[in-house]
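The values are calculated or read from the model by the stated rules, or taken from the named source; none is laboratory data. As the structure is a prediction and not an experimental result, all values here were calculated from the model. Glycine gets a Cβ as well: all are built from the backbone with ideal geometry, and neighbour counts include every protein chain shown.
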Amino acid sequence: MYGIPQIHMLMALGLFVFGLHTLPYQQLQRQLAWRHPANSRIGARPSRQFVGRGDEIITLSGVLYPEVTGGKISLAALEAMADEGMSWPLIEGTGWFYGLYVVEELATTATAFFPDGAARKIEFTLKLARTDDDPSLLGTVGKSLLKQLDLK
């Protein structure tokens, strides 16, 4: 069948789509925490009180082969989003809405280089932290992305 090519989306963070041609992650780790601070007591174990949910962290990791999958441009787009310091909606390809997240960390390791210094293989780990779901914290694609892509 001819027409518009089908794009498979693993997940979207704001307008950034995780897919085969951008950042196809191979592992998604989700950490949830609940807060139970301790109060010291004389002659007894500390008492604990539930005060609500704690941090919610999602870590995406994978390997890029720039000849086949995404590469430096995809990583630069995520870096620009992180530079905004804003929250982004995180939505799975199934439609599951995780909430609003900020980019906390992005780590990359380049190996197996071409003669010109370009990496054949880039391993990445992206750490996202859930915010308080306040829509006023939503980010927009702005100057940081243009700066990353040298399009000022």
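Observations on the structure shown:
- For the stretch 57-79, the set of residues classified as buried (at least 19 other Cβ atoms within 10 Å of the Cβ) and either under 12 Å from the mean Cα position of the chain (by Cα) or at pLDDT 85 or above (or both) consists of 58, 60, 62, 64, 74, 75, 77, 78, listed by residue number.
- Taken together, 61, 47 contain a single residue that is part of a strand (DSSP E or B) and more than 20 Å from residue 122 (Cα to Cα), which is 47.
- In the stretch 91-107, the residues that are exposed (fewer than 15 other Cβ atoms within 10 Å of the Cβ) and of a type in the set (Ser, Thr, Tyr): 94
- Any hit, the stretch 20-36, residues being more than 18 Å from residue 94 (Cβ to Cβ), touching a strand residue (DSSP E or B) at 6+ places or on another chain (Cβ under 6 Å) and among the basic types (Lys, Arg): yes
Results for (1) within 16 Å of residue 126 (Cα to Cα); (2) among the aromatic types (Phe, Trp, Tyr); (3) outside any loop (DSSP other than H, G, I, E, B), shown as yes or no for each residue.
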residue: 23; (1), (2), (3): yes, no, no
residue: 67; (1), (2), (3): no, no, no
residue: 75; (1), (2), (3): yes, no, yes
residue: 82; (1), (2), (3): yes, no, yes
residue: 91; (1), (2), (3): yes, no, yes
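- Test: residue in the stretch 33-42 that is in contact with a helix residue (DSSP H, G or I) (Cβ under 7 Å, 6 or more places away or on another chain) and either touching a residue at least 40 places away in the same chain (Cβ under 8 Å) or not aliphatic (A, V, I, L, M) (or both): no
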